[in-house]
Amino acid sequence: QVQLVESGGGLVQAGGSLRLSCAASGRTFSVGWFRQAPGKQRALVARINRDNYAYLIDSVKGRFTISRDNAKNTVYLQMNGLKPEDTAVYYCAAASVPGAAYNYWGQGTQVTVSS
């Protein structure tokens, strides 16, 4: 069982930056950041594997960076150039082995971007 704890959300003006952290209680293979805006489905924003292979959706490329510190079992989502449409609850999720589904989820952290 892996527990995930997110931190780093908050209120920021458009164009500002936030860094989200996802601390895991144990070893993970793939960690993803998802977000859910009001009235919308939860969707993947970025993911990173233990070997640092990373993927980001097109709408955040050039603005967001995902990275991980395996020694600390922590994954980061650096968000720059934030836009109001980035407003959502951000969740991290983890898969413990290759090919597994994201079975472990954090509680979520609110990100609000004002215009």
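Our summary gives the chain a relative contact order of 36 percent, counting only alpha carbon pairs under 8 angstrom and 6 or more residues apart. Neighbours of Glu6 by Cβ distance under 13 Å: Lys/Arg scored +1, Asp/Glu scored -1, total +2.
In straight-distance terms, cross-link reach from Lys40 covers every one of the aspartates and glutamates whose alpha-carbon lies under 19 Å from its own, apart from those fewer than eight places away in the same chain; here that gives Asp58, Glu85, Asp86. Shape summary: the stretch 37-109 maps onto an equivalent ellipsoid whose semi-axes, from the alpha-carbon gyration tensor, are 21, 16, 11 Å in decreasing order.
For a label point 7 angstrom out from the Cα of Ala100 toward its Cβ, which stretches of the stretch 47-85 have the backbone nitrogen within less than 16 Å? Within reach of a label on Ala100, which here means backbone N under 16 Å from a point 7 Å along Cα→Cβ, the stretch 47-85 contributes 48-51, 73-74. Extension gain, Asn80 to Val5, is 24.8 nm, computed as 0.36 nm per intervening residue step minus the present C-alpha separation.
For the stretch 1-73, the ratio of Cα radius of gyration to the globular rule of thumb 2.2 N^0.38 Å stands at 1.16. The share of accessible area on the chain that comes from carbon and sulfur is 48 percent, using a 1.4 angstrom probe. Report note on the peptides 63-72, 90-99: ranked by the mean count of other C-beta atoms within 10 Å, highest first, their order is 90-99, 63-72. The simple spin-label model puts a point 7 Å past each Cα toward its Cβ; for Asp58 and Arg19 those points are separated by 3.0 nm. In the context of the full set of protein chains, the stretch 71-111 has a per residue accessible area of 45 Å² (1.4 Å probe).
The values are calculated or read from the model by the stated rules, or taken from the named source; none is laboratory data. Owing to the predicted nature of the structure, the values given are computational and were not obtained by experimental measurement. As a convention, Cβ positions derive from the backbone with ideal geometry for all residues, glycine included, and neighbour counts pool all protein chains shown. Surface areas here come from the heavy atoms of the whole protein model, side chains and all, with no ligands, DNA or RNA. Shrake-Rupley method; radii C 1.70, N 1.55, O 1.52, S 1.80 Å.
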